[in-house]
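Notes to accompany the following structure.
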Amino acid sequence: LREIIILPDKQLRLVSKPIEKVTAEIRKLADDMFETMYDAPGIGLAAIQIAQPLRLITMDLAKRDENGETNPLPRVFINPEIIGSSEELSVYEEGCLSIPEYYEEVERPAKVRVRFTDLDGKVHEEDAEGLYATCIQHEIDHLNGVLFVDYLSKLKRDRVMKKFEKAAKRAE
Ligand SMILES: O=C(O)C[C@@H](Cc1ccccc1)[C@H](O)SCc1ccccc1
Ligand SMILES: [Zn+2]
């Protein structure tokens, strides 16, 4: 299990570096990310959230089937890019494992086309919509040092930053 870094940790504002080669270390990192993500629990995780500034995301939008079974759908995105997005927007009440117990509505393009490399080095292009679109945009933002609170009003953002800075001081 790896520790998830929490606001106001400055590392969350880093721009993560592209992955040149899928090595055994990258595979190990992806495994650690899945373990940490499932334990949180979360449906997405960016490597920077466990203090690894690499363009790597894990996701599992486990689909519940008719008899309530959840079939896990673990997915790894290496160097993901949004290469197209819809005019149509959707609103989702987002949370973030690095900003615990804080939820706010965020508006994002409803559909995006994403290009990424998988652990076998194969390049994919996929259309995402619904929670998949929201999650992949939230995670790719993490790779660029962007957090969902950046989309809120200055008033709300300043409030949440103050809250987490105070908590960090108390923890010292
Ligand atoms: O911090 C993260 O990146 C994990 C996020 C991913 C996420 C945020 C907003 C909307 C969708 C995904 C979440 O904490 S994972 C927890 C979760 C679970 C179910 C639905 C939404 C979020
Ligand atoms: Zn997040």
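The values are calculated or read from the model by the stated rules, or taken from the named source; none is laboratory data. Computed from a predicted model, the values in this text were never measured in an experiment. Positions of Cβ are generated from backbone atoms using ideal geometry, with glycine treated the same way; all protein chains shown enter the neighbour counts. Accessible surface is based on the protein model in full, side chains and every heavy atom, while ligands, DNA and RNA are left aside. Shrake-Rupley method; radii C 1.70, N 1.55, O 1.52, S 1.80 Å.
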Notebook entry, point to check: Which one is farthest from GLU20 (Cα to Cα) among residues in segment 54-82 that are basic (Lys, Arg) and out of contact with any helix residue (DSSP H, G or I) (no Cβ under 7 Å at 6 or more places or on another chain)?
Noted result: ARG64
Next item on the list: Could you figure out which of (1) touching a residue at least 40 places away in the same chain (Cβ under 8 Å); (2) surrounded by 20 or more Cβ atoms within 10 Å (Cβ to Cβ) isn't true of ILE5?
Entry: (2)
Next item on the list: Inspect all residues belonging to segment 69-87 and state whether any of them is surrounded by fewer than 18 Cβ atoms within 10 Å (Cβ to Cβ), modelled with pLDDT of 95 or more and outside any strand (DSSP E or B).
Entry: yes
Check: Hey, among the residues in segment 92-149 that are of a type in the set (Val, Ile, Thr) and free of Cβ contacts under 8 Å to residues at least 40 places away in the same chain, which one's nearest to ligand 2 (Cβ to nearest atom)?
Finding: VAL146
Next item on the list: Looking only at segment 139-156, decide whether some residue is within 20 Å of LEU45 (Cα to Cα) and exposed (fewer than 12 other Cβ atoms within 10 Å of the Cβ).
Entry: yes
Notebook entry, point to check: Can you name the residue in segment 9-44 that is assigned to a loop (DSSP other than H, G, I, E, B) and closer than 29 Å to VAL160 by Cβ and, of all such residues, is farthest from the chain's Cα centre (by Cα)?
Noted result: ASP9
Checklist line | Residues (without any contact (Cβ under 8 Å) to a residue 24 or more places away in the chain and more than 30 Å from GLN52 (Cβ to Cβ)) located in segment 62-91 | finding: ARG64, ASP65, GLU66, ASN67, GLY68, GLU69, GLU87, GLU88, LEU89, VAL91
Next item on the list: Confirm whether ALA133 is among the small types (Gly, Ala, Ser) and under 16 Å from the mean Cα position of the chain (by Cα).
Entry: yes
Next item on the list: Show the residue pairs that are 6+ apart or on different chains and have beta-carbon atoms under 9 Å apart, the first residue being within segment 157-172 and closer than 14 Å to CYS96 by Cβ, the second being open to solvent by less than 90 Å² (accessible area, probe 1.4 Å) and among the aromatic types (Phe, Trp, Tyr).
Entry: VAL160/TYR102; LYS163/TYR102; PHE164/TYR102
Notebook entry, point to check: Can you tell me which residues in segment 100-130 are closer than 26 Å to PHE164 by Cβ and loosely packed, with under 14 Cβ neighbours inside 10 Å?
Noted result: PRO100, GLU101, TYR103, GLU105, GLU107
